[in-house]
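Here's the structure we're looking at; comments come further down.
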Amino acid sequence: MIPLSWYLWLSAALFSVGLFGVLARRNAIAILLAIELMLNAVNINLVAFWRYLTPGQMNGQVFAVIVLAVAAAEVAVGLALVISVYRRRQTVVADELDLLKW
Amino acid sequence: MSLELLLFLILALIAIASALGMLLSRHAVYAALFLVLNFATVAVFYLLLNAPFIAMAQITVYAGAIMVLFLFVIMLLGTEVLPPSPVLPWQRPLAFLLALGLLAESVYLLFFRQRLTLSLPATIDPFSGPKAIGQALFTGYLLPFEITSILLLVAMVGAILLTRKER
């Protein structure tokens, strides 16, 4: 039997990798990829807690499905933003998009 | 060590290695393909957790739709490889210090405070199907479901509006 904490560790590790990607990558598309990884780690948590704590109710899986839909919406808008920015500035480097910085 | 534990360890290794590969590859297409591998292994985790519907949705929505969208945009923009970024002078020591702190905390939690030894509840075949999820979605979670549909509509309108040709 796999302990619940193993799943939590796996999900924490994936989340940390994704967080590092969001903070460290410069390519805006790579940042979106890392955000996907973080959402995925959250889903592992939800499904693992559902399986170990309340397997009789469907709450955990329902949350996971809703997170899936939100991730799809987020990607559509995020990539549209990237395309729109690329049209104006000819770049996807996040450091150079500092119009609102100061 | 049972077969299940061995499977978990191997899959966890593949998942973390592919996540790191996504992080470290300079080429954006390779990063996206590493993420596809990661999503596939996570789908197997869902199968291990008796959630086949989530596993299949993971494959079709994440590894299918979302990653195809990513690859399409990466190849459309043609910005696969970027030059390496300039590093701030104090950045590396500070990052090293903070990462060390996080690692120490995790090791403490993992080896000295581990009390989470739950026993796995009995198998739940009648509940794990898509039917039960659909029932839960359309009865108890009807309002969040409708809000999600509105969110998807707004995202669609937003994506079309943002990528429209400027006049």
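The values are calculated or read from the model by the stated rules, or taken from the named source; none is laboratory data. Bear in mind that the values here come from a model prediction, so they are computed numbers and not experimental data. Note that each Cβ is placed from the backbone with ideal geometry, even for glycine, and that neighbours are counted across all protein chains shown. Just the protein is used for accessible areas: all its heavy atoms, side chains included, with ligands, DNA and RNA removed. Shrake-Rupley method; radii C 1.70, N 1.55, O 1.52, S 1.80 Å.
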Threshold 30 Å², probe 1.4 Å: give the residues of the stretch B:1-35, in number order, that are less accessible with all protein chains present than with their chain alone.
B:Glu4, B:Leu5, B:Phe8, B:Ile16, B:Ala19, B:Met22, B:Leu23, B:Leu35
Between B:Ala65 and B:Arg113, what is the label-point separation in nm under the 7 Å Cα-to-beta-carbon projection?
3.9 nm
Charges on Cβ only, +1 for Lys and Arg, -1 for Asp and Glu, centred on the Cα centroid of the protein assembly as shown; of A:Leu39, A:Ser84, B:Phe70, which one is farthest towards the dipole's positive end?
A:Ser84
Roughly how much of A:Tyr52 is accessible, in Å² to the nearest 10, using a 1.4 Å probe?
10 Å²
State, to one decimal in nm, how far the label point of A:Arg88 lies from the label point of B:Leu94, with both points 7 Å from Cα in the Cβ direction.
2.9 nm
Probe 1.4 Å, all chains present, heavy atoms only: A:Ser11 accessible area in Å², nearest 10, is 10 Å²
Mean shadow of the protein assembly as shown, computed from the convex hull of its alpha carbons, in nm²?
16.8 nm²
Carbon-plus-sulfur fraction of the accessible area of the stretch A:4-91, 1.4 Å probe, in percent?
72 percent
Which ³J(HN,Hα) values in Hz, rounded to whole numbers, follow from the phi angles of the stretch B:100-108 under the Karplus curve 6.51 cos²θ - 1.76 cosθ + 1.60, where θ = phi - 60° and Gly and Pro get x?
4, x, 4, 5, 4, 4, 5, 5, 4
Please report how far the C-alpha centroid of the stretch B:130-167 lies from that of the stretch B:14-29, rounded to the nearest whole angstrom.
30 Å
Asked for the total accessible area buried by B and A (1.4 Å probe, Å², nearest 100), one would answer 6400 Å²
log₁₀ I(q)/I(0) of chain A at q = 0.13, 0.14, 0.17, 0.18 Å⁻¹, via Debye over equal Cα point scatterers, no solvent, to two decimals?
-0.58, -0.65, -0.83, -0.88
How would A:Arg26, A:Arg89, B:Arg164 line up by accessible area, probe 1.4 Å, largest first?
B:Arg164, A:Arg89, A:Arg26
Using a 1.4 angstrom probe with every protein chain in place, what is the largest-first accessible-area order of B:Leu35, A:Leu99, A:Leu19, B:Leu110?
A:Leu99, A:Leu19, B:Leu110, B:Leu35
